[in-house]
């Protein structure tokens, strides 16, 4: 009887401690040895989803990260999250002010190598993106997209106050200052304020006397009054 009492605590401890390296969370009644993962973590195992072809071990790791919520890498500065730690590391250069890529022509520095590649086209004159409508070329794809709206008439940026639409987000931002009453650009001569820098430049010609616009018919010079 004494030996039986001594064996019971050992059996109870064995039930509580799992072998090292196994995953906890096994559901009762599941003797197959598979882990009861949360539904989102088992997304790639669902029968209605076809098995994806993964060509390498690194592809498998990347694929698993997309399905496991716990592998998201979050920036503690702004809260933005990424699938990979390398993506987070690259993003954090914005907050650290680190710019490791330098232009050999002018010395300007950039956070990303792609930004340096785009910048160098200023020096080389390369314009690889061409408009299919008029043939005009651009050094950035984003500039071509914006230009194409001239031909399509697309104005994707709408003002929530009045519904007016614009081709560029910067135009919408300038327009919204009308509703907010914001006039951040002030004339140093008379103190008059304006909603955009171009309006201030035109106004300052009153003080400088500059007349940059000349009539092609009579040669008279003029400046817009603001």
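Annotations for the structure displayed:
- Cα-derived Rg to Rh of the stretch 81-214, Kirkwood definition: 1.06
- Computed lengthening from residue 80 to residue 109, 0.36 nm per intervening residue step minus Cα-Cα distance: 8.1 nm
- The order of 81, 199, going from fewest to most other C-beta atoms within 10 Å of their C-beta, is 81, 199.
Every number in this text was worked out from the coordinates using simple rules, so none of it is lab data. Fair warning: this is a prediction, and the values are worked out from it, not measured in the lab. Counting neighbours? That spans all protein chains shown, and the Cβs are built from the backbone with ideal geometry, glycine included.
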